[in-house]
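Each value in this text was obtained by applying a stated rule to the coordinates, not by laboratory testing. Keep in mind that what you see is a predicted model, and the values were worked out from it rather than measured. Please note: Cβ atoms are built from the backbone with ideal geometry, for glycine as well, and neighbour counts cover all protein chains shown.
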Amino acid sequence: MWAGVALEVVLIVRAFQGGLLRRFPLFYSYLTFVLLESFAAWYLYRRNPDLYASVYWYLQWVALFLGSLVIFEIYRVALKSYPGTARIARNLLFLVFALTFAKVLVNHSFGSVYWPAATTAELERNLRMVQGFAILAIAVVLLIYAIPRNRNLNGILVGYGLFVASAIVQLSLVSHLGAWFQKLFWYTQPFAYDLVLGVWTITLWSPAPEPVSSSAALNQAVDDHSSLVARTEQDLGRADLGFPGAFRR
Amino acid sequence: MTVLLVAILIAVLLGWTLLRLLRANDSSAERASPPTESAHPAFIAETVFSPRDWLFIQKEGSASLNALFVHERRIIAVAWLRDCLDAVRSVRANHLRQSRHSQDLNLPAEAKLLLRFFYLSALCRCLLLVVQFVHPAAPHAIALYIQNLASTVLPGQPPELVLSSVAVHEVSRERLR
């Protein structure tokens with residue numbers, strides 16, 4: 001735990017020094033919350049272990065909510081100069097949340113609870129899955145459209161994504177294997193988080209320059225999308241119809 | 001058990017995408033250039049995949065000649081297909097480079113184009129496998145199907161071919177015969 005706390009303090013101090021706090025306010029709010037949460041949980045655990053068990057999950061929900069804001073910040077920072085790609089990402093995120101909402105609604109219509117989960121661990125796993133899909137949507141869009149990213153943004157995205165991926169696996173194992181993995185979980189979860197903190201410490205040690213898109217792309221007046229599609233279809237038509245042209249007898 | 005498997009699948013997919021994101025760079029999209037056209041594309045393409053030459057060679061009844069023909073034809077076919085794949089990649093990179101700045105991006109049109117890029121790339125890769133592991137003339141039947149398909153999808157488009165490979169330019173009709 002203390003290694004994680006030390007890394008969090010280092011990250012926040014470096015952000016103050018380098019001005020990263022202004023660039024990623026939501027991410028550092030999340031980090032500050034986790035740091036304060038660690039102290040609060042430690043204090044409670046020593047003073048009142050019974051209370052700690054119930055408070056732990058409430059703190060986890062707040063951390064989960066702030067984590068979702070980190071995903072929103074990744075989307076905002078990465079795509080602020082790319083309105084076309086931002087639109088695609090928005091629609092994909094909307095799809096993810098619409099599907100989640102539809103699932104909740106279907107469960108409710110069949111008389112079940114909004115989101116069937118026998119334990120709080122299952123509920124957190126389900127919510128982490130939604131987060132996972134949201135990160136996946138943003139990552140796929142960034143990959144397809146080759147959006148330039150600097151080291152800091154890459155670090156936040158990859159670090160938080162890997163943290164969510166490991167949380168999904170660990171919480172699923174907790175639900176599936178039960179009590180014996182629960183004990184292991186108290187060690188594996190902080191270990192995974194410390195690794196992510198390591199990734200963040202390396203990538204957020206100093207502010208990286210903002211990525212600059214090619215001057216040609218920026219200076220080029222982007223036509224309306226329909227004419228761009230028509231031009232691409234024309235280009236593609238030549239490449240595409242090479243196949244049938246090649247096999248004409 | 002199913003939920004556990006789904007969870008692991010999501011986690012693996014997420015991890016794999018993020019690692020790909022780390023390895024990817026912007027250079028490929030920025031370097032993209034418009035595709036160029038070859039001087040004699042129709043002739044090269046027709047010759048490469050036509051079963052006519054293969055039937056002619058078979059009539060000679062020479063095993064070594066057959067092997068030599070298949071070997072050479074395979075090299076040319078692979079070069080031609082790689083050129084097609086490069087052309088599709090180049091068009092895709094150019095399109096994405098511009099559309100990401102577009103203010104009025106039309107989602108259905110964009111999705112349709114992306115699907116078409118994917119389809120064409122997959123097709124080229126499949127044909128590459130067929131040419132490399134089956135026979136250089138084997139894609140002919142597949143191509144006839146594609147021809148019908150393409151003429152339904154894009155009626156009235158000129159059947160030009162995009163080629164830029166130096167290797168293809170070096171091939172003469174005499175050598176193939």
### Query
Between A:LEU136, A:VAL106, A:PHE27, whose Cα lies farthest towards the positive end of the dipole of chain A when Lys and Arg beta carbons carry +1 and Asp and Glu beta carbons carry -1, centred on the Cα centre?
A:LEU136
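Within a 10 angstrom radius of the beta carbon, how do A:TYR160, A:TYR43 rank from fewest other beta carbons to most?
Working: A:TYR160 23, A:TYR43 11.
Starting with the residue having the fewest Cβ neighbours, the order is A:TYR43, A:TYR160.
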## Note on the structure
So, with points 7 Å from each Cα along the Cβ direction, the A:GLN234-A:LEU195 label distance in nm works out to 5.2 nm
### Message
Under a Cβ-only charge scheme (Lys and Arg +1, Asp and Glu -1), can you give me the dipole magnitude of chain A about the Cα centre, in debye to the nearest 20?
### Response
220 debye
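Using only DSSP helix segments of four residues or longer, with each worth -39500 (n - 2.57), what per-residue ellipticity at 222 nm results for chain A after dividing by its residue count and rounding to 500? Could you put the intermediate results ahead of the total?
Details: 11 runs with 204 residues, N = 249.
Counting only the DSSP helices, I get -28000 deg cm²/dmol.
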### Message
To test your reading of the geometry: what angle, between 0 and 90 degrees and rounded to tens, separates the Cα axis of helix A:49-78 from the longest principal axis of chain A?
### Response
20 degrees
### Task
Evaluate 2.2 N^0.38 Å with N set to the residue count of the stretch A:1-81, then give the Cα radius of gyration divided by it.
1.25
### Query
A:TRP61 to A:PHE39: extension gain in nm, 0.36 nm per residue of separation minus the Cα-Cα distance?
6.2 nm
## Note on the structure
Row for the stretch A:2-222, column shape: gyration tensor on C-alpha, a ≥ b ≥ c, rounded if a/c < 1.5 i.e. under 1.5, prolate if a/b over b/c, else oblate; value oblate
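How would you rank A:PHE24, B:PHE49, A:PHE65, going from fewest to most other Cβ atoms within 10 Å of each one's own Cβ?
On the way: A:PHE24 21, B:PHE49 27, A:PHE65 12.
Least to most surrounded, the residues fall as A:PHE65, A:PHE24, B:PHE49.
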### Query
Taking K and R as +1 and D and E as -1, what net charge do the other residues with C-beta under 13 Å from the C-beta of A:VAL62 add up to?
-2
### Query
Tell me, in nm to one decimal, what length is gained between A:VAL212 and A:PHE97 on full extension, where the rule is 0.36 nm per residue of separation less the Cα-Cα distance?
38.3 nm
### Message
Run the numbers for A:ILE12 and A:ALA53: contour at 0.36 nm per residue of separation, minus the present Cα-Cα distance, in nm.
### Response
12.0 nm
